[in-house]
Amino acid sequence: MADKPRKRVLVIDDASLVRLYYRAALESAGFEVAEALNGLEALEQLLAARFDLLIVDVNMPQMDGLSFLEKLRAKSLPLSSVPALVTSTESAPQRVAAARVAGANFYVVKPLSTETLVQYASLLCGAPHG
Amino acid sequence: MPLTRKPPPAPPAGAGPLADAAAIARALADGNEDERWAAARAAANLPDSVPALKDALAGETSAAVREALFSALARIASPQSAEAVLPLLRSDDALLRTRASDALVAMKQAAWPYIAALLRDESADVRVLACGMVREMPSERAAPLCCDLLDAEPEQNVCAAAVETLAEIGHASALPALMRCAQRFRGTPFLEFSINTAIDRVRSQAITPRA
Amino acid sequence: MVFGEPKRYFVERRVVERMLGTHSGSFEEYFARLRADLDREIEQFVNAFTINETYFYREEHQLACLTTDLLAARLKVKARGSPIRIWSVPCSTGEEPYSIAMWLLENWPHVDEHEIEIVGSDIDTGAVELARAGVYGKRALMRLPPSVVDKYFAFDGDASWRIVDDLRHSVLFTAANIVNRADTVVHGKFDVIFCRNVLIYFDDISRRTAAENLFENLLPGGFICLGHTESMSRISPLFDVARFDDAIVYQRPSR
């Protein structure tokens, strides 16, 4: 039986240690992972390959995560409907609300445990394989 | 041959006349998008225009003009322009926060005197942004600032941001503070992982290369 | 500059090269030198990674993108009869603007239906003079099909080829520093700008300024092409990114 393609996650965060941490957790769980260090790089990655889930930081140089999401949601399908989990150090209600308005499907305050990350990933794009 | 060589078109109207801060302020307040763009760009050479730039930023709706406003403030790079940008670090608008942080980084030395205070700000969110800005300072100044923070900071996420900066700078002097922080936050998975990775990176950057 | 995992060895070798070249005792020491830009190390570092040699039809995939996709996109929105304007900046000794010209003449079926202005600009006035003279050695011609050489160059019998007068006189060359708005703004608005392998040399603030200058020189919906390892993601959020078969290019948003 042919292998089904693995689910692909794009981790968008300017902190290399955060990207490394998420990559380790997601790859262990069977996901394929790519990285971008700001919203602009993420848009370029999304033009080059299909992704099943985005993990989006908010505060990043050049283009923040919410501006990125607004641009993404304005594009045409299927690109515009990729699920997005926004993670941020910020917890104030207006910051959470802003993320939802921008197009976040979920918002989780950092730090994200590996278990929570994998649970959300599986929830938002199904099992890693197929 | 369909290729034609012509002298470039005449300079656009308004390329010249914005020579003083008052004209810039008027254009920023009342002009259309092209006029506001031209005014913001001209302002980069006029330190007196900082108040007008600051006012314009608050309500500007054009993404391009906003970029030009921040760039003008960054190029002026005076204490006044730094102080005009600092309050935006607290904005509820992610775009303003992050472009403000980028502008302060681009100002280089003009912004450095303010960073130590930002690292002690009462808002953890501002302290996190400040840890990113520290990255651009010379490493012999940046490392001690981050290490001092690591010894006193109560918030995990702020420590993580300082650890990220130290991992990039790679100064061996940071090792003791990193290890102390690991002790303080034992049992917090992400921070432990970050500190261990940072320690590895700092140690590996101290190795002499083989030809 | 952005390199994927397959280029790891290439990147490591270049870094070690620079560490040895600067007698750095450790990566930490070298990195400090790089961050402080001691003895213009940033430029040396970038030079170690970019191929400085310039020749005709370099990065041909972008020329292909021009005739396959970019010009068609521009023509859809341009006023009838308005000239197509293309800028090569920096143009060095002229290989890039002449390449654009020859490529269009050879590969664009609609080339005779439109007026096309090609401008080449560089900060180095010596390079601009050489571009106007249009004389080149064998290495610069290495990627050109023989038929193109025959058509557009005259051989001097020794070691030089000169661009034919018709072509030489149809490209405008000027001196300009892309970080200086007074230099750039006078060039007017373009449909396509080629700005390859120069923005990476600049610091933050110069990059922003140059990006804003180039934005200003683009018509709404106009395109800008960077070097193939460069990305606007490290330079400026002013431009949209567009992907075509042959290249990734950046675009000034339409009105």
Step through the residues of segment C:122-138 one at a time and calculate ³J(HN,Hα) from phi using the Karplus curve (6.51 cos²θ - 1.76 cosθ + 1.60, θ = phi - 60°), rounding each to whole Hz and writing x for Gly and Pro.
8, 6, 8, 5, x, 5, 5, 4, 4, 4, 5, 5, x, 10, 9, x, 4
Go through A:100-113, C:179-192 and give me the packing order, highest mean Cβ count within 10 Å leading.
C:179-192, A:100-113
Lys/Arg +1, Asp/Glu -1 at C-beta; segment B:47-114 dipole; positive extreme among B:Q109, B:S78, B:P51
B:Q109
Assuming a ≥ b ≥ c are the square roots of the Cα gyration tensor eigenvalues, decide whether chain B counts as rounded (a/c under 1.5), prolate (otherwise, with a/b larger than b/c) or oblate.
prolate
Amide H neighbours of C:F173 at under 5 Å, excluding residues fewer than 5 places away on the same chain, with H built from the backbone geometry, are C:G120
For segment B:62-142, treating each Cα as an identical point scatterer without solvent, what Debye log10 I(q)/I(0) comes out at q = 0.18, 0.24 1/Å?
-0.68, -1.17
Residues of C:134-141, mean number of Cβ from any other protein chain within 10 Å of their own Cβ, rounded to a whole number?
0
Roughly how tilted is helix C:8-21, in degrees to the nearest 10 and between 0 and 90, from the longest Cα axis of chain C?
70
Per its Cα gyration tensor (rounded if a/c is under 1.5, else prolate when a/b beats b/c, else oblate), segment A:8-120 is best filed as rounded
Residues whose modelled amide H sits under 5 Å from the amide H of C:G221, counting only those 5 or more places away in sequence or on another chain, are C:R252, C:S254
Any idea what the dipole of the protein assembly as shown comes to, in debye rounded to 20, about its Cα centre with Lys/Arg Cβ at +1 and Asp/Glu Cβ at -1?
660
Beta bridges per DSSP with both ends in chain C, % antiparallel, nearest 5
40
To the nearest 10 degrees, how steep is helix B:189-204 against the longest Cα principal axis of chain B, on a 0 to 90 scale?
90
Return the inverse of the average 1/r over all pairs of distinct C-alpha atoms in the protein assembly as shown, which is the Kirkwood hydrodynamic radius, in Å to one decimal.
26.0
Can you give the translational diffusion coefficient of chain C in µm²/s, computed by Stokes-Einstein from the Kirkwood radius over Cα pairs at 4 °C and 1.567 mPa s?
66
What trypsin sites (Lys or Arg not before Pro) does segment A:1-91 have in DSSP loop regions with at most 13 other beta carbons within 10 Å?
A:R50
When the Kirkwood radius is taken over all Cα pairs of segment C:30-78, what Stokes-Einstein diffusion coefficient follows at 37 °C and 0.692 mPa s, in µm²/s?
234
Going by C-beta contacts inside 10 Å, put A:F51, A:F68, C:F10 in order with the fewest on the left.
C:F10, A:F51, A:F68
³J(HN,Hα), Karplus 6.51/-1.76/1.60, whole Hz, each residue of segment B:145-156, x for Gly, Pro
4, 5, 5, 4, 4, 4, 6, 10, 6, x, 8, 4
Could you work out how far the C-alpha centroid of segment B:152-211 sits from that of segment C:222-255, in angstrom?
36
Lys, Arg +1 and Asp, Glu -1 on Cβ, resulting dipole of segment B:111-206 about Cα centre, debye, nearest 20
280
Sort segment B:18-110 into rounded, prolate or oblate with this rule: let a ≥ b ≥ c be the square roots of the eigenvalues of the Cα gyration tensor; rounded if a/c is under 1.5, and if a/c is not under 1.5, prolate when a/b is larger than b/c, oblate otherwise.
oblate
Can you give the angle from 0 to 90° between the axis of helix C:95-107 and the longest principal axis of chain C, with both taken from C-alpha atoms, to the nearest 10?
40
Beta bridges by DSSP in the protein assembly as shown, antiparallel share as percent, to the nearest 5
25
Count of lysine pairs, the protein assembly as shown, Cα-Cα under 27 Å, sep. 8 or more residues or interchain, comes to 19
Using the count of nearby Cβ atoms within 10 Å as a rough guide to exposure, how do B:R141, B:R201 rank from fewest to most?
B:R141, B:R201
Cα centre as origin, Lys/Arg/Asp/Glu Cβ charges: segment A:8-120 dipole, Debye
300
What's the center-to-center distance, using Cα atoms, between segment C:21-91 and segment C:127-145 in Å?
19
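Only the coordinates and a few stated rules stand behind these numbers; no lab work does. Worth saying up front: this structure is predicted, and the values here are computed from it rather than measured. Positions of Cβ are backbone-derived with ideal geometry, glycine not excepted, and every protein chain shown enters the neighbour counts.
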